Each structure stands twice: as C-alpha cells, then as structure tokens.
Amino acid sequence: MQRRPSAFVIKLEAQCVGALDKWADLTDPADVDDAVNEFVPREQPQRDETLQMLCQLMKLTVDAGADDEELMATVVHGATRRLIEAENMAGRRSQSSRVTMDETHDLVKIVLVGDAGVGKTCFMIRFVRDQFVSSTRSTVGMDFCTRQLAVDTMQGSESSVVQQLTVQVWDTAGQEQFRSLAATYYRKAGGVMILYDANVRATFDHIPGWIEEVRDNSETAALMIIGAKAEGSETEVSPEEGEALAAEHNAIFASVSSKEGVGVVAAFKSFSERVLAMQEMRDERLSTVKQSISLGPPDSQRGRGLVAEKKGGGCACG
C-alpha cells in the first residue's frame, strides 16, 4: 500500500473492519461475493488499497506482484472461508445438543468438486431448482443450496421407509487458488461428489488426484463419481470407464446430463441413501464401543482378579 496520511489509513481500516463485521452475518457465500464487490471501490488507487487492507485484516498472504483480479479473488476467498469456519463451529455446537440418531440424519452435506468447467454449478442448479442455466459465472470460493429429498432408509434388517431429508449441496470452485477452501469443508461433509466432463478426458484423468485430496482430508466421507455433460450416446469417456474407476475406489457412479435433466435427481437420491447408510453404521459401531467401555469386564472376572491379588501377597514374579 502506497504511503498515505495516517488519518486516511485509520479511516480505511475502520471501514474495512465494519465491512468484515457485516459479512460475518451473511450465510450464503454468493452474498459474500456480492457484498465484497459492492464494498470495494472501482477507482484506483483506492481499489487496491482497500483490497490490501482487507487482506491484512484477515491475515491473508498475497504475492507482491498480485494484480487486481488476484487481490479480489483472495479477499472473496478469505471472507468465504470465514463464513464456512463459522458454519462449522455452529455445527459442532449444535451437534452436542442432538439427542436421537434420527435427528443427526435430518441434514446431509454433500460437497461437489472437480476441475473448473466440468459443470458443477449447472448440476447443483438442476438438482435444486430443476432448471438448466446455459451460462454461469465461475464459482468464487464456495456456494451452496438446499433441497428436501425423499430417500429410502432401512429400519432394522428388513423394512424400508421413506424419510424426508434436507440435502445441503456445496459447490466449490475448481480453480487452484480455492482448493484449500474446499479442503476445509471435506471434514464436515457426509459425502463428496467428484465430477468430470464426459467430453473432456483430461478432467476424467484428474479424478484420482481429487480422490486422494478428499481422502487426505476426510476418513469418513462417502464418494461418488459423476460423469457430467453426458448428452447423447457419443462421449469421449464412456460410462463403463467411469463405473470401473468408481469400483476401484469404493465409490458409486452416475452418468448425468444437467442440460437434459437426465439422472441428476436419481444420482443425489442414491448417494444420499449411501451417506445415510454409512452414518448409521458408524453410529452403531460407536454405540457398541461406548457400551463395551461403560460395562467393563464381567463382575465374575473382577472378583477373580481381586482374589488372586490377595493370595499373591502384592507381588507376582516370574
């Protein structure tokens, strides 16, 4: 930031602090993006000075030669990350007040990842609004939407019931500078959908790298591989290749077309059912462990131990 009178710097800092406080009350990453663009001046040098001050207040690292676009992306990234971290903290606080297993299944969080341009935003919009938007702006940081979905859940070992579920879908930016933001949210996701463009093989070839990134950040998230933009019968990557890759990584697979509305809802339905099934298995294992810890060894074994200790005179050698 070029040298300015101290009064100017103090005023700018106060304005930026006020903006950060207002953005902290937002709940939608898209609103954060709009709020940043509305707050930051368009004229230079005020624009760069404001962006640099925001980076300084959020403790964001910026390259010395960063241009205007990079500064703006960094600020939006930082502001969105603060929102997600606050949401994660709220989730941890509310989780402690939950009582029944069913309540933990009312909400399923699914994160969409994949290379830039594979169709993640169109996929989300088709699921949530049943609309196809032919032109969307590149996702900056993260965006999310929710939708109620009826899924089949197993009760006991035989009966199946329909459960109303709130599916929260997080659409992440595919650009490299936002990868760390997606990683922070893997830990809270019940499942991760990894998308590739069925007409661009390079995006399919990058799927193993995305899987590795998810596994590095979450040991519990379910995985689904999505072949997007699968319009027509001729695609560069066949559904069979997608299915084989999914089977190799213990994931499920779906081929979808957001443009034609084919397979989108079915993919979310089958994946949500898998996420619920995995959550229930983890809950059962945790319950079993807690029971074994609380019960301890049988009384008869504890009694024999005490008798042996008394007979042994307090020291066992050899």
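Coordinate range of the alpha-carbon atoms in segment 6-92 per principal axis, descending: 40, 26, 21 Å.
Taking the Cα centre of segment 6-92 as reference, the dipole from Cβ charges on Lys and Arg (+1) and Asp and Glu (-1) amounts to some 400 debye.
Using a cut-off of 30 Å between Cα atoms, the listed pairs Lys59/Lys269; Lys188/Lys229; Lys22/Lys229 include Lys59/Lys269; Lys22/Lys229 as exceeding that distance. Fewest-first ordering of Lys229, Lys11 by other beta carbons within 10 Å of each residue's beta carbon gives Lys11, Lys229.
Judged by the mean number of other Cβ atoms found within 10 Å, the most tightly packed of the peptides 118-130, 50-62 leads the ranking 118-130, 50-62. Take each peptide in 35-47, 265-277, count the other Cβ atoms within 10 Å of every residue, and average; sorted highest first, the result is 265-277, 35-47.
None of the figures in this text is laboratory data; all of them are computed from the coordinates on show. Given the structure is predicted, the values throughout are model-derived calculations rather than measurements. Methodologically, a virtual Cβ is constructed for each residue, glycine included, from the backbone with ideal geometry; neighbour enumeration extends over all protein chains shown.
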